[in-house]
Amino acid sequence: MDLLRFATAGSVDDGKSTLIGRLLYDSKAIFTDQLEAVEATSRSRGDEYTNLALLTDGLRAEREQGITIDVAYRYFATPRRKFIIADTPGHIQYTRNMVTGASTADLALILVDARKGLVEQSRRHAFLCSLLRVPHLVLCVNKMDLVDHDQAVFDRIADEFTSFAAKLDAPDLTVIPISALHGDNLVTRSERMPWYDGPSLLHHLEHVHIAADRNLVDVRFPVQYVIEGRRYAGQVAGGVLKTGDDILVLPSGLTTRITHIDTADGPVTEAYPPMSITIRTADNLDITRGDLICRPHNTPAVAQDIEAMICWMDETRPLTTGGHYAIKHTTRTAHTVIRGLHYRLDINTLHREESATQLGLNEIGRVTLHTTVPLLTDEYRRNRTTGGFIVIDETSNRTVGAGMILKGA
């Protein structure tokens, strides 16, 4: 059974938490005591219905304010597929949390309130999903019950969003009219909207094809642990590894052959993303954490000067030229200095502000950085693992930025 990771996004009070709560409830993925706790909390808040949003709003502050602050991860499964949901916050000041939730997602659900139509945050989140190379977008036009299930309202929002998405890199877009509160078009097709002839949301989530999204051409295996007996553990980031394959180890340039591939469930003859495996090699080479295993004639760029898009996440001080940080890229850590800020991106208008001198909290821009040791990189659009990195404040050890590599030299 394969695994689909998806993130929810949208403006405040568009119904993200209610949508996830309804999916969990209708797919029988919650326990009786959880439901009883939600019912009790709903009564104490004065709600006239069981507020399923409380299933995902886990922080006390979130429950009291009725908003999502942190990224809440939830898990459920159907007979066809397993799911990990990242419920991300809608407030503009939590854009960094949304970036965190969407960075590993196969699919993003963008919710829009049918009464309000597209708002600034809808466009912001669609752009961020495009920037993060989320392969599949689903626009859920929620609260259709509050507009009398009017097809004209749905068509207008769908057309407006489709026109905006055409400016982005959104290869797969699906639009579904729903009512998260009442469950319309979530698990089963709704009789209240007979004009809609597409799939229910859960049917789409179960059947969307994600195998082709992963890079199965470029073998990339960052070494995470070294185990005695010529065994090396990590997660496959790209390509297909098979027993008997000749491999190249970077940065040393040494070559050897794979003799065994093991997983937690036992030996296998081949491995592909995102499997966690241990490989055994024919030769006893000097391989350490941070090295990368690839094919002899298909190697990543070895770069110290890197151009990247960065989403800045530090509220205490902005990113400026000359700033010194640590950088974590796959399993390798290095020191880096910001050599230049090319522009700051206005993610509402997609305008490039080339006069910008810094990036503040939640702002995104294109930078050049120089690392103390070479990194083994691919472009982010080719491989989200070897093309992504995080920036760390060396004093506090806090993550202060997330980067997507455009090119390395």
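The values are calculated or read from the model by the stated rules, or taken from the named source; none is laboratory data. As the structure is a prediction and not an experimental result, all values here were calculated from the model. Please note: Cβ atoms are built from the backbone with ideal geometry, for glycine as well, and neighbour counts cover all protein chains shown. Just so you know, the surface numbers come from the protein's heavy atoms only, side chains and all, with ligands and any DNA or RNA stripped out. Shrake-Rupley method; radii C 1.70, N 1.55, O 1.52, S 1.80 Å.
Order of 223-229, 194-200, 302-308 by packing, highest average Cβ count within 10 Å first?
Result, highest mean Cβ count within 10 Å first: 302-308, 194-200, 223-229.
The smallest convex shape that holds all Cα atoms of the chain, its convex hull, gives 155 Å³ per residue.
Ordering 233-245, 392-404, 341-353 by mean Cβ neighbour count within 10 Å, with the highest value first, yields 233-245, 392-404, 341-353. In the full protein context, the chain carries 45 Å² of accessible surface per residue, based on a 1.4 Å probe and ignoring ligands, DNA and RNA.
Put +1 on the Cβ of every Lys and Arg and -1 on every Asp and Glu Cβ in the chain; which of ALA7, ALA282, HIS136 then has its Cα farthest towards the positive end of the dipole? Among ALA7, ALA282, HIS136, the one farthest towards the positive end of the dipole of the chain is ALA282. Based on the convex hull around the alpha carbon atoms, region 190-326 presents an average projected area of 14.7 nm².
Annotation for region 306-324 versus region 127-195: alpha-carbon center distance of 34 Å.
Distances between placed amide hydrogens fall under 5 Å for VAL373 paired with HIS335, all partners being 5 or more residues away or on another chain. The equivalent ellipsoid that matches the C-alpha gyration tensor of region 152-196 spans semi-axes of 24, 12, 8 angstrom, in descending order. For region 291-373, the Kirkwood hydrodynamic radius comes to 14.1 Å, computed from all pairs of different C-alpha atoms. DSSP beta bridges fully contained in the chain are about 75 percent antiparallel. Entry note: region 133-224 has Rg to Rh equal to 1.10, where both radii use alpha-carbon atoms and Rh is the Kirkwood radius. Taking a span of 30 Å or more along the helix axis (Cα atoms) and a mean Kyte-Doolittle hydropathy of at least 0.5 as the rule, no DSSP H helix of the chain qualifies.
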